[in-house]
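Read through the structure below, which is laid out as structure tokens, and then see the notes.
Read-outs: derived from the displayed coordinates by stated rules, not from any lab. This structure is a prediction, so every number in the text was calculated from the model and none was measured. Cβ placement follows ideal geometry from the backbone for every residue including glycine, while neighbour counts extend to all protein chains displayed.
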Amino acid sequence: MSYGSGPAPYGEQPAYGGQAPQPTYGSQAPYGAPAPYPGDPAPYGAPNQFGQFGLPPLTPDIAPLPGASFGEAIKRFFQRYAQFRGYASRSEFWWSYLFLVGSIFILYLVFGVSLAALIVNDASESSAGLVLTLVMGIIGIFGLATFVPHIAVMVRRLHDTGQSGLWALFIIAGLEIVPLIMCCFDSRPDLYRPEWS
């Protein structure tokens, strides 16, 4: 290659005084990062053949459902009854939480109305006890039936925010407010893992 005849082909050094090859836009490594070599896998968090974040795509059984409607969230709440691995979107968690709080409110409202009706009608102790036992039994069964899926969806929501699911154990200590605040955080898809062990 003679002096001034243009850029050298890729891989060759230009002659003294010749023009060095110019990199194409976007092919340079970010400031401070090592230069990529052909055949190297994409770094964690960089786009590659798997998708947006350089990780294999999540399987449908552990993937979150962003923008879930109320019906979809309740359906997934019961479908994934005791599934603690995976992720739950913010809408999945909060719609199911609204369902739980609303259901418990309605059940206690029925309990209060039943109690008031028994007092007003001056019912006998045996019939009053039977009605109150029945209503409290329904509340207890509902609580037991929804406790495990509630913890499971909270653990999946915590995974979605990049936190450990062990934060849900605060519920046992009566401090549910701690994981509830953490469930308000944004999703962290850059931290998704194909499996939670």
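Overview of results
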{"item": "Counted charge near residue 81, where neighbours are those whose Cβ lies closer than 15 Å (Asp, Glu -1; Lys, Arg +1)", "result": "+3"}
{"item": "Where GluC sites (Glu not before Pro) fall in DSSP loop in the stretch 98-197, at most 14 other Cβ within 10 Å", "result": "176, 195"}
{"item": "Zero-based 5 Å bins, Cα pair distances in the stretch 69-166, whole percents", "result": "2, 13, 19, 17, 12, 10, 8, 7, 6, 3, 1, 0"}
{"item": "Listed peptides 181-190, 84-93, 161-170 by packing density, highest first (mean Cβ within 10 Å)", "result": "84-93, 161-170, 181-190"}
{"item": "The stretch 64-197 - charge dipole about Cα centre, Lys and Arg +1 at Cβ, Asp and Glu -1, debye rounded to 20", "result": "460"}
{"item": "Near-label residues of the stretch 81-96 by backbone N, under 20 Å of a point 7 Å along Cα→Cβ of residue 145", "result": "81-83, 95-96"}
